[in-house]
1. Taking only segment 74-87 into account, find how many residues are at pLDDT 90 or above and either surrounded by 14 or more Cβ atoms within 10 Å (Cβ to Cβ) or touching a helix residue (DSSP H, G or I) at 6+ places or on another chain (Cβ under 9 Å) (or both).
2. Going through segment 21-73 one residue at a time, which ones are surrounded by 13 or more Cβ atoms within 10 Å (Cβ to Cβ), modelled with pLDDT of 90 or more, closer than 20 Å to residue 164 by Cα and touching a Cys at 6+ places or on another chain (Cβ under 8 Å)?
3. State all residues of segment 141-161 that are of a type in the set (Gly, Ala, Ser) and crowded, with 21+ Cβ neighbours inside 10 Å; if no residue qualifies, say none.
Amino acid sequence: MKKYLMLPLFLIQTSLFAGTIEWRTVTITPDPYGIGDCLINLETQYGRTFVMCTISAQNPISITLSAIGAQLWPGMRWLEMQYGDWVNTETTRSGLSNYFFRMDPDIEGGSVTIGRGEANSVYLGFVILDAFGFDYSEGCPDTMFGWVQLGYDGKTISVLNSAIDISGDPIRIWIVPEPSCALLALSGIALLLLRRRKVQTSFRKEMIR
């Protein structure tokens, strides 16, 4: 019976810890200002901000996304990371060499190349400093960490997954069920366990007869 309880317990734990995480918070849209090719948009319950990028070296194999240094403002740091990495103060500190781009303390652009297919997707971690671009409303933390997984299908760049921890805590680049999905899974597992128990009870009754 223990092994059947492990998954529900894991999902409960996941749903509880995911309470401060907002999912699907990052989108990519064409640049309506005509300065770059696209915008990477970040949106939470506290507001919305974005960065401008250009697309270069596009071909069926890969695509290069470059930040427009002149259009960046102090307040965010982005860097290329790996699945399973933690996005926190240590990993997003200034001076790292693997920055996609950095806007604090020095404005500087950068680029990242995304290979075709989900297996060649790129994970970017980011930190939003001093609630940059967001309303200074009650409860809005000074610092927020998040990540985005970008993919390329040979024609366009798309967001495969993304998340921001709005509590200000570090976040791990990790795909876990959202609370609603976890609860739905728990309901399904509970029904399966009840059905299994009912079948076993019926079987025992038949054996007694």
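1. So the count comes out to 5.
2. Scanning segment 21-73 gives 28, 39, 40.
3. Listed by number, the list holds a single entry, 146.
Results for (1) modelled with pLDDT under 95; (2) within 19 Å of the chain's Cα centre (by Cα); (3) assigned to a strand (DSSP E or B), shown as yes or no for each residue.
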residue	(1), (2), (3)
119	yes, yes, no
126	yes, yes, yes
138	yes, no, no
141	yes, yes, no
144	yes, yes, yes
148	no, yes, yes
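The values are calculated or read from the model by the stated rules, or taken from the named source; none is laboratory data. Only a predicted model underlies this, so the values are computations on that prediction, with no experimental measurement involved. Backbone-built Cβ (ideal geometry, glycine too); neighbour counts: all protein chains shown.
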